[in-house]
Amino acid sequence: MGMIERMLGLLFGNGRNVVRDTVEVFRENAETGSQRAQEVQVQAMRQFGAEYSVARQGGFDRFMDGLNRLPRPLLALGTLGLFVSAMVEPLWFAERMQGIALVPEPLWWLLGVIVSFYFGARHQVKAQEFQRQIVGTMAHVPQVMDNIRALRHLRAESVGVADTGNNAQLTTAATLPDRNAALEVWKRAGQE
């Protein structure tokens, strides 16, 4: 019994656990690890709370914090607004999109750089293509102007805008009902 007692005393004696101490060299003690993780979490939350504490901020700091929070919601709501305007007033929306078609490519690049920079991304613009893109964009001006004129002509704000005039062929085509292939198949199936 004395030999076993000395052996256990060697391993677990003097208030130490040699096995545990040896294992902890290769594997973290789970209880100690969770205590450290809790301390880190508590410190992070304290720091976060102190950073956003309104009590120690002045009026200018609060204004700038509010201003810095605006771009993301404005971009998201503006994009949704474009979809709504396209559904509610398609001709108005089409006219605006024709105007956007005239924006030169390098200006789109610049906008992309600004937005990308704001959201943390990097973007490079190739200076050699700058002049070529401007010329290419300006070549579209006559076509865009024709499209705007055609869109304005389509406005249904006055009486008689759908008048076919003296065109007998167009009048006949407008008064004849359209052919409905699904309805014809259904009618034929009912007759059989």
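Descriptive notes on the structure:
- Extension gain for the segment ASP65 to ALA150, taken as residue separation times 0.36 nm less the Cα-Cα distance, is 26.0 nm to one decimal.
- With a simple spin-label model that places each label point 7 Å from the Cα along the Cα-to-Cβ direction, the separation between ASN180 and THR79 comes to 3.9 nm.
- Backbone N under 17 Å from the VAL135 label point (7 Å along Cα→Cβ), restricted to region 77-110: 104-106
- Linear extension gain, VAL42 paired with ALA30, 0.36 nm per residue minus alpha-carbon span: 2.5 nm
- Protection proxy ranking for 177-188, 102-113, using the average of other Cβ atoms within 10 Å per residue and placing the highest first: 102-113, 177-188.
- Three principal axis extents of region 55-101 based on alpha-carbon atoms, in descending order, are 51, 19, 12 Å.
Each value in this text was obtained by applying a stated rule to the coordinates, not by laboratory testing. Source: prediction; values computed, not measured. Positions of Cβ are generated from backbone atoms using ideal geometry, with glycine treated the same way; all protein chains shown enter the neighbour counts.
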